[in-house]
1. Going through 63, 22, 79 one at a time, which residue ends up being assigned to a strand (DSSP E or B) and modelled with pLDDT of 90 or more?
2. When you look at residue 202, is it over 15 Å from residue 271 (Cα atoms) and modelled with pLDDT of 95 or more, yes or no?
3. Here are some residues: 98, 107. Which one is at pLDDT 95 or above and either part of a helix (DSSP H, G or I) or at negative phi (or both)?
4. Looking at 26, 39, 35, can you tell me which residue is without any contact (Cβ under 8 Å) to a residue 12 or more places away in the chain, out of contact with any strand residue (DSSP E or B) (no Cβ under 8 Å at 6 or more places or on another chain) and within 27 Å of residue 130 (Cα to Cα)?
5. Looking at residue 196 and the list (1) surrounded by 20 or more Cβ atoms within 10 Å (Cβ to Cβ); (2) in contact with a helix residue (DSSP H, G or I) (Cβ under 8 Å, 6 or more places away or on another chain), which single condition is not satisfied?
6. Does residue 134 satisfy being in contact with a helix residue (DSSP H, G or I) (Cβ under 8 Å, 6 or more places away or on another chain) and surrounded by fewer than 22 Cβ atoms within 10 Å (Cβ to Cβ)?
7. For residue 116, state whether it is closer than 16 Å to residue 18 by Cα and assigned by TED's automatic domain parsing to the domain that holds residue 58.
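The values are calculated or read from the model by the stated rules, or taken from the named source; none is laboratory data. What you see is a predicted model; the values in this text were computed from it and never measured. Cβ placement follows ideal geometry from the backbone for every residue including glycine, while neighbour counts extend to all protein chains displayed.
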């Protein structure tokens, strides 16, 4: 009997988005243990790379210990150069085979899953919604306030990729400001109306400039000047925002921002891992079955089709 080719799904190689995908898939494929093993392995390797854990084994010895290419039920890992000083090699996720409602599926690690879908390498994939905003969402005078509105702002000429659903692992791009920066600004609350009245520097991550423009709307960003953290790995983004006076940064509780003397304002936009599809690659029945399985949770963020 000819083996059925698995449906390949692009996923991030590391970080919070990959953990969200593993949690989602584990619940569907009865694979909680292997998902936990991947997450804990990658957290440990991140700590080694950052110098928070000491390892006597070389990175190649650890890679050989984690991976077993002869057992398709076990995950594979690979090596990437990390951006930290010295460019150390870092162990990241490579692939995992499992079954979703009887359909074989292979999760395949990619540095940029969204771009892998754009180039038609995959029909389905997971990535941060932030990447979609940075790459293809149209900038308009009015703000973009929810993930549910993302598809409506994607020009079909730019890409065949659309957002299907969100996984609910939400943190927020949040408006932060020092009390001093709010003096003299005719706006009672720290929200979009404040930024509309404010003129001056706003500190953001350089990789999020287009995202912030989309989230605020070009009417609001007119008159703002974006600045960026120094790039020093020892500098916290909240510290750079405190030096600037106003900024936008991903926050969970806002406690670190408050420690830097910042007021925590409006949650401007959710940062969430999303399932995406390339609409020109999803005609097959197996792909449709996997898509259906991955979107079966009613608690997830539903995205209207375009």
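1. Testing whether each residue is assigned to a strand (DSSP E or B) and modelled with pLDDT of 90 or more leaves just 79.
2. On the way: over 15 Å from residue 271 (Cα atoms): yes; modelled with pLDDT of 95 or more: yes.
It is true that residue 202 is over 15 Å from residue 271 (Cα atoms) and modelled with pLDDT of 95 or more.
3. Details: 98 fails: at pLDDT 95 or above.
Going through 98, 107 in turn, just one is at pLDDT 95 or above and either part of a helix (DSSP H, G or I) or at negative phi (or both): 107.
4. 26
5. Here residue 196 meets the rest and fails (1).
6. On the way: in contact with a helix residue (DSSP H, G or I) (Cβ under 8 Å, 6 or more places away or on another chain): yes; surrounded by fewer than 22 Cβ atoms within 10 Å (Cβ to Cβ): yes.
Spelling it out, residue 134 is indeed in contact with a helix residue (DSSP H, G or I) (Cβ under 8 Å, 6 or more places away or on another chain) and surrounded by fewer than 22 Cβ atoms within 10 Å (Cβ to Cβ).
7. So residue 116 passes the test.
Residue by residue, here is whether (1) in contact (Cβ under 8 Å) with a residue 40 or more places away in the chain; (2) closer than 23 Å to residue 168 by Cβ holds:
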residue	(1), (2)
14	yes, yes
30	no, yes
49	yes, no
58	no, no
68	no, no
83	no, no
107	yes, yes
